[in-house]
Amino acid sequence: MKGTRIPSTAFADAWINVDSTEDPEFFVQLLDSTRAALLERARRSPTEFFAPLDVRPGHRVLDVGCGTGDFLRLLGPLVAPGSAAGIDLSETMIAEARRRTGADSSNVSFQVGNALDLPFESGSIDRLTATQVLLHIPDSATAIAEMWRVLAPEGVVAFGEFDWGTIAVECTNRELGRRFTRLACDELRNGLIVRELPWRLRNVGFDRIRVVPEVQVSLNPDAFHRWFIEPSMTHFKRIGGFSPDEAEFFLGDLQQRASQGRYFCSRTYYSILGSRSR
């Protein structure tokens, strides 16, 4: 039907069509909530937080899928008089990123752009980041090749992705818990992309690849619960993965477990870095 908006909880389609969803602002709020703790760490010590990227004054940095640009604004002062640029498919995200960027961040810029056709010259970027982006891109191989193209010799690329197959949500009905993990992984376009990234990076020419895991554990319902677990039920019911009764039981059980001090959720996040030696 013409004019129909994409549900904000449509896993495979929503993130690459933010501006065409029922509520584009939902994704701005989601990023703010789920990245709050990580952003606080970055703000406390940007130099320490971005140390793996080895950024230096004069570097040209690109953030692919920059969202609201909060991390890029912290990178700007570290690379000045170099530049910090962000691209995102979403006009909503870019507008918000620009709104949040003050006049004092003169070396930070944002533009609408596609990871499959990066609007930068070959070899023009010294450092490139892409956080939770490749899991959404239909042709991730082309995106990685584009990142290789724009990166300068001795450039460094840093990816951040969850292994969605590692999500563990403890439910009294453990079959429902296992089903949630399977659906969460399978309904994302590239839910297991992190497992392929090392060899994909090697295939296009990256070397000095490092993989750094971080297990995140929640003992109480947190931003991940509110902005991923709960909205997921809407999608899982829509596709028939959970019946209405099962979804109600699942969410109710998690709340009951939380009230009893028995809530448990974990997931593994990976930082993957690579270099372009030639």
>> So for region 253-266 (the condition being among the hydroxyl-bearing types (Ser, Thr, Tyr), surrounded by 16 or more Cβ atoms within 10 Å (Cβ to Cβ), under 25 Å from Val28 (Cβ atoms) and touching a residue at least 24 places away in the same chain (Cβ under 8 Å)), does at least one residue qualify?
In response: no
> Is it fair to say Arg195 is closer than 18 Å to Ala168 by Cα, at pLDDT 95 or above, open to solvent by 70 Å² or more (accessible area, probe 1.4 Å) and not aliphatic (A, V, I, L, M)?
Replying inline: yes
>> For a quick check of your reading of the model, give me the residue pairs whose first member lies in region 68-93 and is under 18 Å from Ala51 (Cα atoms), whose second is basic (Lys, Arg), with beta-carbon atoms closer than 6 Å and at least 6 apart or on different chains.
In response: Gly82/Arg60; Ser83/Arg60
>> I need a count of the residues in region 135-165 that are surrounded by fewer than 19 Cβ atoms within 10 Å (Cβ to Cβ) and among the hydroxyl-bearing types (Ser, Thr, Tyr).
In response: 1
>> Are there helices (runs of 4 or more DSSP H) fully within region 1-71 with at least 1 residues that are of a type in the set (Lys, Arg)? List them.
In response: 36-44
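Count, please, the residues in region 38-51 that happen to be touching a residue at least 12 places away in the same chain (Cβ under 8 Å) and either of a type in the set (A, V, I, L, M, F, W, C) or in contact with a strand residue (DSSP E or B) (Cβ under 6 Å, 6 or more places away or on another chain) (or both).
Adding up the residues that qualify gives 4.
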>> Being touching a strand residue (DSSP E or B) at 6+ places or on another chain (Cβ under 7 Å), on the phi < 0 side of the Ramachandran plot and open to solvent by less than 40 Å² (accessible area, probe 1.4 Å) is the filter here; which residues of region 52-70 pass it?
In response: Leu53, Val55, His59, Val61, Leu62, Asp63, Val64, Cys66
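Does Leu134 satisfy the criteria of being farther than 19 Å from Leu53 by Cβ and under 15 Å from the mean Cα position of the chain (by Cα)?
No, not satisfied.
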> Restricting region 106-134 to residues that are aliphatic (A, V, I, L, M) and assigned to a loop (DSSP other than H, G, I, E, B), which is surrounded by the fewest Cβ atoms within 10 Å (Cβ to Cβ)?
Replying inline: Leu116
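How many residues does region 223-252 hold that are touching a residue at least 24 places away in the same chain (Cβ under 8 Å) and either among the basic types (Lys, Arg) or surrounded by 14 or more Cβ atoms within 10 Å (Cβ to Cβ) (or both)? Quick ask: steps written out before the conclusion?
Step one: list which residues in region 223-252 are touching a residue at least 24 places away in the same chain (Cβ under 8 Å), which gives 223-229, 231-232, 234-236, 238-239, 241-242, 246, 249-250.
Next, only the ones that are either among the basic types (Lys, Arg) or surrounded by 14 or more Cβ atoms within 10 Å (Cβ to Cβ) (or both) stay: 223-229, 231-232, 234-236, 238, 241-242, 246, 249-250.
Number satisfying all stated conditions: 18.
The values are calculated or read from the model by the stated rules, or taken from the named source; none is laboratory data. Only a predicted model underlies this, so the values are computations on that prediction, with no experimental measurement involved. Backbone-built Cβ (ideal geometry, glycine too); neighbour counts: all protein chains shown. Heavy atoms of the whole protein, side chains included, go into the accessibility calculation; ligands, DNA and RNA do not. Shrake-Rupley method; radii C 1.70, N 1.55, O 1.52, S 1.80 Å.
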